[in-house]
Amino acid sequence: MNRLVALLAIGALLSWQGLGCFAGDSGGGDSATGEDGLPQDSGSLALSHAGDAIVGGSTYNIPDNNDPASSNVALFSEQKDLMTLTNTTAADITVHSISVTAEEGFEVEEFSIRDAESLKNELLEVSDVVVAAGATFDFYIRFYPVYSGERRATLSVEYLDSEGEQELAVHITASGRPSDNAVKFSGGTEALHKVLGSTGTDEQVTGMAGDADGNTYFLAQTKVVPGYDGFYYDLIFGQVKADGTIGWAKIYSRSNAWEWSPDPGQNDETGGSPNAITIDSEGFLYIAGSMSSGNTNNDTAAHVMKVKAADGSIVWDKLWRPEWTTGSFLDRMGAVGYAVAVGGNRVFVTGSTGDGNVHGVLGSGSSVPLLALDKADGKLAFHHALDVAKGYNDRGYAVVADATGANVFVGGLTNGRGLLVKYGKTDGAAPEVAWVKNLDMGTGSNVYGLDSDGTDVYLALDRRGAATFFSVAKVNGADGSIAWAKTFESNAGDSNNCNVVRVFGDFVYAGGRIGVSVMDAQMGDGFMLRLGKADGALSWAGIYYTGKGPNEIEEHRIKGFAIAGNTLYVAGQVYTGSTGDETYRYDGYWYDGIGNLVDFKELVAASVAELDPFEPTNGEVRDTSASATVVYDALPAVLEFVDAVSKKLGTGGTVDEENFWVKLDLK
């Protein structure tokens, strides 16, 4: 009886310390010679699972030591195997530590030691625990696969017995399911992953630009930051240094009004066009968006500003409307800014506009504007508008210019279809329409983003309809013909979107989200492609996935790329979609793309012959300060920029949107 009381007392003490579970006498085990370089212990501390001995130097397969060929565990789910240590001697044994270490090439998170008594599945940390003669000590080995196929680790129990210091070591193997699909991304290695935002607000990412030193510049919008606009959106933008620290960051806000970059997609999915931010060779940022006249989202002016990249100071800040008034603004006087580009000594802005009562009293979304401003001071050089489909909405969602500013491409939407326009002579006072193309990809489809190599143009295609698709194309700048068009196959649901395209050297980078059945087909995972610029051949494809359990499932979209040397920077948006709890994760892993890249043979660029270009002669550029009082502050502390791994705050009972920033070392 005294011995049982003593054992129970020891067990209670160690349970109170969160160290595991003790029991009374148990069957002994035999010592064995180690293999594969593992140490050989004295055998005085026996390891077993479900009564079966596991000798030092052997291999144990999770779950339940079953045949590895026929047993595996689904990704981002756990399997816990209960292990028992038995003191086979007549003297106390002191267990210094119990650890499981993932072998090289495998992830730390995949294997851990867990407390057998904890109802919260807590990690177990053992430090000099005394196991009495004949007593046992229980713990779990937890396997949590994040990649497919065989995973390996080493279990080590370090202890002191009557013969001295000992180590019991065992090989641990396990397999992630599916067996061959979800493999580690082969195109690069993640160096940093951060998120920006607050669980009490929503941050939607717009885009990102970068410089040769590895500094990146994000643009986003946020909702209802304490102490700022209580109505709706404010702009936030800033510099992230190459080491992942904030150089500077600002909030741009007006009381009870909108400042935002409208989303080219549907249902306010993201923070706007990826072409709403750009940087020039002199170290200045240019940002485009829209500003409301007050407490409304349907009476807006196109907004564009020039910002010094080094410190965030504003050089100039402008608004444009096709007509101004001293009274209430009418619909024809409205304009929306979507995107900005720089070429030569000019800044170009596109979006949508009314006609300002000079061309048939057209409404605010009727025509595609092209504004040219002087890069130095923001003064208007010309304003041009194009009514492509009379009686229907026409919008410019993206714009790029060549280095001289003489040629400009605009992509967007016309009458529910994709639109692509080339302008010439944009370095003068009277731009000319070189060609206009209608890209029919399904109702609601559009050209979401653009980039150019100075000659040809590359398109992020937002294909809508009963099913959505991740597609990207190259168009010949000379005549608007399709050079190549590609689609990455998916589950053909509604979670596939191409949201950004960028050209770096000989490669085209395209990003957005994709839904594949092996991963998160419901909300979509962050997805990116690297294609050969010449022919669209696949270099690599990468998926970012966090799991699909209640504390893991998230929508990710990639909205921006930058490259410095051999480092790729990725900006995007994460949407939790559920409330979660204090263990909700914002971090995941990169995988090789699952699926095939195929030709998008159905894409046709049809010429639009009947065009209606006009000049909104009542239009005018004004200083923002003349019509609005702007608060331009350092980013509020509530909007934290933190490591994604450390952000486990739950969502406070509401869904959450935040910006993510990733640094990848390319292979």
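Here are the numbers for the structure shown:
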| read-out | value |
| --- | --- |
| Residue satisfying condition, being of a type outside the set (Phe, Trp, Tyr), part of a strand (DSSP E or B) and at pLDDT 95 or above, within set GLY412, GLY405 | GLY412 |
| Test: residue in the range 318-326 that is touching a strand residue (DSSP E or B) at 6+ places or on another chain (Cβ under 8 Å) and among the β-branched types (Val, Ile, Thr) | no |
| From ASN393, ASN357, residue being at positive phi and modelled with pLDDT under 95 | ASN357 |
| Residue check for ARG114: closer than 22 Å to TYR589 by Cα, at pLDDT 95 or above and in the same structural domain as SER97 (by TED's automatic domain parsing) | no |
| Positions within the range 111-126 being under 20 Å from THR101 (Cβ atoms) and exposed (fewer than 13 other Cβ atoms within 10 Å of the Cβ), in sequence order | GLU122, LEU123 |
| Search result, residues across the range 127-153 that are of a type in the set (Phe, Trp, Tyr), closer than 15 Å to ILE98 by Cβ and in contact with an Asp or Glu (Cβ under 8 Å, 6 or more places away or on another chain) | PHE139, TYR140 |
| Qualifying residues in the range 144-188 (those that are under 26 Å from ASP41 (Cβ atoms) and of a type in the set (Gly, Ala, Ser)) - the one surrounded by the fewest Cβ atoms within 10 Å (Cβ to Cβ) | GLY164 |
| Matching option when the condition is farther than 22 Å from HIS303 by Cα and either of a type in the set (Gly, Ala, Ser) or assigned to a loop (DSSP other than H, G, I, E, B) (or both), among ASP243, ASP229 | ASP243 |
| Residues of the range 470-491 that turn out to be buried (at least 16 other Cβ atoms within 10 Å of the Cβ) and at pLDDT 95 or above, as a count | 15 |
| Hits in the range 492-529 (condition: modelled with pLDDT under 95 and at positive phi) | ALA492, GLY524 |
| Hits in the range 442-472 - residues which are among the polar types (S, T, N, Q) and assigned to a loop (DSSP other than H, G, I, E, B) | THR443, SER445, THR455, THR468 |
| Condition check for ASP234: over 19 Å from the mean Cα position of the chain (by Cα) and modelled with pLDDT of 90 or more | yes |
| Residues satisfying the stated conditions in the range 360-377, i.e. in a loop (DSSP other than H, G, I, E, B) and surrounded by 21 or more Cβ atoms within 10 Å (Cβ to Cβ) | LEU362, SER364, SER366, LYS375 |
| Some residue of the range 148-155 being β-branched (Val, Ile, Thr) and over 36 Å from the mean Cα position of the chain (by Cα) | no |
| Residue list for the range 299-329, restricted to those being under 23 Å from ASP633 (Cβ atoms) and acidic (Asp, Glu) | ASP311, ASP317 |
| Some residue of the range 71-86 being over 20 Å from ALA174 (Cα atoms) and either of a type in the set (Gly, Ala, Ser) or outside the structural domain of ASP520 (by TED's automatic domain parsing) (or both) | yes |
| Test: residue in the range 380-388 that is assigned to a loop (DSSP other than H, G, I, E, B) and surrounded by 24 or more Cβ atoms within 10 Å (Cβ to Cβ) | yes |
| Subset of the range 197-220 (residues that are in a strand (DSSP E or B) and at pLDDT below 95) | GLY197, ASP202, GLU203, GLN204 |
| Test: residue in the range 452-464 that is surrounded by fewer than 24 Cβ atoms within 10 Å (Cβ to Cβ), among the β-branched types (Val, Ile, Thr) and assigned by TED's automatic domain parsing to the domain that holds GLY493 | yes |
| Close pairs (7 angstrom Cβ cut-off, 6 or more residues apart or separate chains): at negative phi in the range 67-87, part of a loop (DSSP other than H, G, I, E, B) and among the hydrophobic types (A, V, I, L, M, F, W, C) anywhere | LEU75/VAL146; LEU75/ALA182; GLN79/ILE62; ASP81/ILE62; LEU82/ALA116; ASN87/ALA132; ASN87/ALA133; ASN87/ALA135 |
| Condition broken by GLY227, with the remaining ones in (1) farther than 26 Å from ARG346 by Cα; (2) crowded, with 19+ Cβ neighbours inside 10 Å satisfied | (2) |
| Counted residues, the range 263-275 - those being part of a loop (DSSP other than H, G, I, E, B) and either over 22 Å from LEU450 (Cβ atoms) or modelled with pLDDT of 90 or more (or both) | 7 |
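Table: residues versus (1) touching a Pro at 6+ places or on another chain (Cβ under 6 Å); (2) over 30 Å from THR300 (Cα atoms); (3) surrounded by fewer than 22 Cβ atoms within 10 Å (Cβ to Cβ).
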{"site": "ALA521", "(1), (2), (3)": "no, yes, yes"}
{"site": "ASP525", "(1), (2), (3)": "no, yes, no"}
{"site": "SER539", "(1), (2), (3)": "no, yes, yes"}
{"site": "TYR544", "(1), (2), (3)": "no, yes, no"}
{"site": "LYS548", "(1), (2), (3)": "no, yes, yes"}
{"site": "LYS559", "(1), (2), (3)": "yes, no, no"}
{"site": "PRO613", "(1), (2), (3)": "no, no, yes"}
{"site": "VAL621", "(1), (2), (3)": "no, no, yes"}
{"site": "VAL630", "(1), (2), (3)": "no, no, yes"}
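The values are calculated or read from the model by the stated rules, or taken from the named source; none is laboratory data. As the structure is a prediction and not an experimental result, all values here were calculated from the model. Glycine gets a Cβ as well: all are built from the backbone with ideal geometry, and neighbour counts include every protein chain shown.
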